[in-house]
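For reference, the structure is listed below as structure tokens.
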Amino acid sequence: MKIKTHLIRRYPLSCLLLVVIWVLCFCTPPHTSLDNIKFIDKWTHIIMYGGTCSVIWIEYLRNHTSPDRKRLFVWAWLAPILMSGLIELLQEHCTGGRRSGDWMDLAANATGVTLAAFIGILLARRRARH
């Protein structure tokens, strides 16, 4: 319990965005005129995961004076990709057909996470210079 409280205090926006991802991934998406835009679903995944992981990097760098690269690799890159894979499996097998797992969604999520990692690395380097 102490670890959960610690994480919520140090990474409040990251925790909130992760909860939002879990909720959105199991809601039935509404149909809109944006459905006609090619790959809109994939762009949404890239932005959702890229934005969330950028916030993880920013909050991590805010809370730590010297970044631990291994920890960042695990928690800001690998864990979100694994979470994405788990969500895709759960969508495929546990939503009664309302949602379907899509490996291209996993690829889009991994793209967003990787882009966020590049942004985070740039922020860490900039911070180290100052």
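The values are calculated or read from the model by the stated rules, or taken from the named source; none is laboratory data. Everything quoted here is computed from the prediction, not taken from an experiment. Reconstructed Cβ throughout: ideal geometry from the backbone, glycine too, with neighbour counts over all protein chains shown. SASA here: full protein model, heavy atoms, side chains in, ligands and nucleic acids out. Shrake-Rupley method; radii C 1.70, N 1.55, O 1.52, S 1.80 Å.
So that you can scan it fast, the table gives a plain yes or no per residue for (1) assigned to a helix (DSSP H, G or I); (2) closer than 30 Å to His130 by Cα; (3) at pLDDT below 95:
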| position | (1), (2), (3) |
| --- | --- |
| Leu34 | yes, no, yes |
| Lys38 | no, no, yes |
| Ser54 | yes, yes, no |
| Leu86 | yes, no, no |
| Gly97 | no, no, yes |
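Does Thr114 qualify as being more than 25 Å from Leu61 (Cα to Cα) and β-branched (Val, Ile, Thr)? Step through it out loud before you land on a result.
Values: more than 25 Å from Leu61 (Cα to Cα): no; β-branched (Val, Ile, Thr): yes.
Here the answer is no, as Thr114 does not meet what is asked.
Is it the case that some residue within region 64-72 is part of a helix (DSSP H, G or I), at pLDDT below 95, touching a Phe, Trp or Tyr at 6+ places or on another chain (Cβ under 9 Å) and farther than 21 Å from Asp41 by Cα?
Yes, region 64-72 contains a residue that is part of a helix (DSSP H, G or I), at pLDDT below 95, touching a Phe, Trp or Tyr at 6+ places or on another chain (Cβ under 9 Å) and farther than 21 Å from Asp41 by Cα.
Inspect region 108-119 for any residue being within 16 Å of the chain's Cα centre (by Cα), among the aromatic types (Phe, Trp, Tyr) and either more than 21 Å from His6 (Cα to Cα) or open to solvent by less than 30 Å² (accessible area, probe 1.4 Å) (or both) and give the result as yes or no.
In the first step, residues of region 108-119 are kept if they are within 16 Å of the chain's Cα centre (by Cα); the result is 108-119.
Checking the rest, the ones that are also among the aromatic types (Phe, Trp, Tyr) come to 118.
When the remaining residues are screened for being either more than 21 Å from His6 (Cα to Cα) or open to solvent by less than 30 Å² (accessible area, probe 1.4 Å) (or both), the result is 118.
Checked region 108-119: at least one residue is within 16 Å of the chain's Cα centre (by Cα), among the aromatic types (Phe, Trp, Tyr) and either more than 21 Å from His6 (Cα to Cα) or open to solvent by less than 30 Å² (accessible area, probe 1.4 Å) (or both).
Residue pairs, Cβ under 9 Å, 6 or more apart or interchain, first in region 110-130 and more than 11 Å from Ala76 (Cα to Cα), second open to solvent by 100 Å² or more (accessible area, probe 1.4 Å) and modelled with pLDDT of 95 or more. List them.
Close Cβ pairs satisfying both conditions: Gly112/Ile47.
How many of the residues making up region 64-85 are touching a residue at least 40 places away in the same chain (Cβ under 8 Å) and open to solvent by 40 Å² or more (accessible area, probe 1.4 Å)?
2
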